[in-house]
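What follows is a set of notes on a single structure, which appears directly below.
The values are calculated or read from the model by the stated rules, or taken from the named source; none is laboratory data. Every value quoted in this text rests on a predicted model; they were computed, and no experiment measured them. Neighbour counts run over all protein chains shown; Cβ positions are idealised from the backbone, glycine included. All accessible areas refer to the heavy atoms of the entire protein, side chains included, with ligands and DNA or RNA removed. Shrake-Rupley method; radii C 1.70, N 1.55, O 1.52, S 1.80 Å.
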Amino acid sequence: MDRASPAASTSTEPVGHVRFGHARASTARQSLDAQLDFLTEAGVTRVFSEKISTRATRRPELEAAVKLAGEIRSSGVAVTLVVHEHKRLGRGIELGCGSFRGKP
């Protein structure tokens with residue numbers, strides 16, 4: 001009987017780890033294609049994307065990604081939020097960095 005885990009033979013990621021991606025463009029005319037391609041190549045399992053100004057005080061998709069990551073982390077699973085460039089987070093960086101402070 002073969003007891004090898006299918007995940008162990010097909011993935012280099014550790015068990016209990018998920019990758020989310022966030023893509024953002026400042027205007028509706030800007031394309032997300034390069035960011036989405038990068039995130040796909042990075043092996044993300046879900047992408048949160050939005051076209052919203054850097055000056056926006058709320059980022060609904062980034063907030064949703066952080067909320068979901070927190071829920072998953074609370075169950076003991078490691079979460080990585082992947083972005084193409086840190087500037088894609090823009091002024092919302094405090095949201096991304098501070099949300100997990102003090103949690104395992």
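Close contacts from the stretch 16-41, counting a first residue that is under 19 Å from K67 (Cα atoms) and a second that is open to solvent by 60 Å² or more (accessible area, probe 1.4 Å) and assigned to a loop (DSSP other than H, G, I, E, B), with Cβ to Cβ under 6 Å and a gap of 6+ residues or different chains, come to V18/T45; R19/T45. Of the residues making up the stretch 26-42, those that are of a type in the set (S, T, N, Q) and either farther than 20 Å from R59 by Cα or part of a helix (DSSP H, G or I) (or both) are Q35, T40.
Among the residues of the stretch 1-23, are any open to solvent by 40 Å² or more (accessible area, probe 1.4 Å), assigned to a helix (DSSP H, G or I) and at pLDDT 90 or above? No: the stretch 1-23 contains no residue that is open to solvent by 40 Å² or more (accessible area, probe 1.4 Å), assigned to a helix (DSSP H, G or I) and at pLDDT 90 or above. Filter the stretch 66-81 for residues that are among the hydroxyl-bearing types (S, T, Y) and outside any helix (DSSP H, G or I); which is surrounded by the fewest Cβ atoms within 10 Å (Cβ to Cβ)? Checked the stretch 66-81; the qualifying residue surrounded by the fewest Cβ atoms within 10 Å (Cβ to Cβ) is S75.
Put simply, of E94, E71, E41 the only residue that is farther than 14 Å from R24 by Cα and modelled with pLDDT of 95 or more is E41.
Scanning the stretch 45-65 turns up one or more residues that are assigned to a loop (DSSP other than H, G, I, E, B), within 12 Å of the chain's Cα centre (by Cα) and surrounded by fewer than 17 Cβ atoms within 10 Å (Cβ to Cβ).
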